[in-house]
Amino acid sequence: MDTWTLRKGYPVVTVERNYSENKLVLTQKWFLLNPENGIQNTSEYKDYQWYVPFTFTTKSEKNFNFENRPIWLKPNEGKNEINLNNTDEWYIGNLQHAGFYRLNYDQENWNRLIKQLEEDHSVINPINRAQILDDTYNLGRAELIDQTVFLNITKYLKNEQDPLPFTAALYGLNYISTMLQSDFFISSKFENYYKSLIKPNYDKNEWNETEDANELSLQLSITNLMCKFGDNGCVDKAWEFFNDWKTNGKQIPSNFKTIVYQTIAKNANDSTWIEMLEIAKNTSENSERLRILRSLTHTQNYNLLK
């Protein structure tokens, strides 16, 4: 346990298949998110090794039981080799993400996983689907793989319904979206792609609150993004809630209040924005006042904030 309790960080296990000899070759190293971290040039970095429990399954097996007896990667062992029976199939390690480490594969295996997800993602356990998305995004940030691997994997999300993989994907997609904001043309292209991934999930529930907490959290994230991207149906629904509240006193569903306020503040004219400001000033409930005031910062007329 000393390798885990007395050391900082965690490893990335690289699994590369020797296709001519039909075997997996496993190596490990310290995972560093910053590719320019100077510690990579030190002996400390090279000496950092862990006891890593490696489990895996293949396309023909599809056994995602993480309690399978692991193959142990040991410090200073160099590499481990595992013989396979079939060369023409994908493999997945760290079953159900039971081990605290990231995984990187050879490009051919990434391509096979991408193809499987596009053809039938349900074959792969949802925890491992989330792991694949989270690992490829972070491996891309660390410049251990090309970020296009993550983006190619996200194409299957049009058919994804499970909150776990989708939530993992949103972290990466939101980060990339933020990084591209300075370039309007590229940002617009990416926004359209992002919207195409989440729209099927949005259309499934729209603004009807789901009962499951995880599904509700995903629903709110996706609804917020759809309105942020200016989807006409989403923006119109926000206006419907807002006008019904302002005119008839019908309460906006509490879980959607922030989305409604932010969407109206972003799309409203100056008089409606000022009206929202007055509503906030006259609201006795402090949390509601803060919610409205924070939402008002989403206006596109920055002169109103002066």
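Quick notes on this structure:
- For the chain, built as a Gaussian network whose Cα springs stay under 10 Å, the top-fluctuating residue of 188, 287, 221: 287
- Gyration tensor (alpha-carbon) shape descriptor, the stretch 89-174, a/c threshold 1.5: rounded
- Probe 1.4 Å, protein heavy atoms only - accessible area per residue of the chain in square angstrom: 53
- Once C-alpha pairs closer than 8 Å and six or more residues apart are averaged by separation and normalised to the residue number of the stretch 63-195, the relative contact order reads 19 percent.
- Accessible-area value, residue 71, 1.4 Å probe, nucleic acids and ligands omitted, Å²: 60
- Listed peptides 88-100, 43-55 appear in the order 88-100, 43-55 once ranked by packing, highest mean of other Cβ atoms within 10 Å at the front.
- In degrees, nearest ten, helix 184-205 long axis to first principal axis of the chain (Cα): 90
- Principal-axis tilt of helix 270-281 within the chain, Cα atoms, nearest 10 degrees: 90
- Principal-axis tilt of helix 126-141 within the chain, Cα atoms, nearest 10 degrees: 90
- Each Lys and Arg contributes +1 and each Asp and Glu -1, all at the Cβ; summed about the Cα centre of the chain, the dipole is approximately 560 debye.
- Theoretical FRET efficiency, 1/(1+(r/R0)^6), r = Cβ-Cβ of residue 36 and residue 81, R0 25 Å, to 0.05: 0.20
- Of the GluC sites (Glu not before Pro) found in the stretch 124-218, those in coil by DSSP whose Cβ has at most 10 other Cβ atoms within 10 Å are 211.
- Amide H contacts for residue 13 (H built 1.01 Å from N in the peptide plane; partners 5 or more residues away or on another chain; cut-off under 5 Å): 102, 103, 104.
- On full extension, the segment bounded by residue 19 and residue 283 gains 88.3 nm, given 0.36 nm per residue less the C-alpha separation.
- Only one item in [x] 45, 22, 18; [y] 64, 34, 14; [z] 34, 23, 22 matches semi-axes √(5λ) of the Cα gyration tensor in Å derived from the coordinates shown, and that item is [x].
The values are calculated or read from the model by the stated rules, or taken from the named source; none is laboratory data. Just so we're clear, the structure is a prediction, and the values are computed from it rather than from any experiment. A quick note on method: Cβ atoms are made from the backbone with ideal geometry, for glycine too, and the neighbour counts reach across all protein chains shown. Surface accessibility is based on the protein's heavy atoms, side chains included, excluding ligands, DNA and RNA. Shrake-Rupley method; radii C 1.70, N 1.55, O 1.52, S 1.80 Å.
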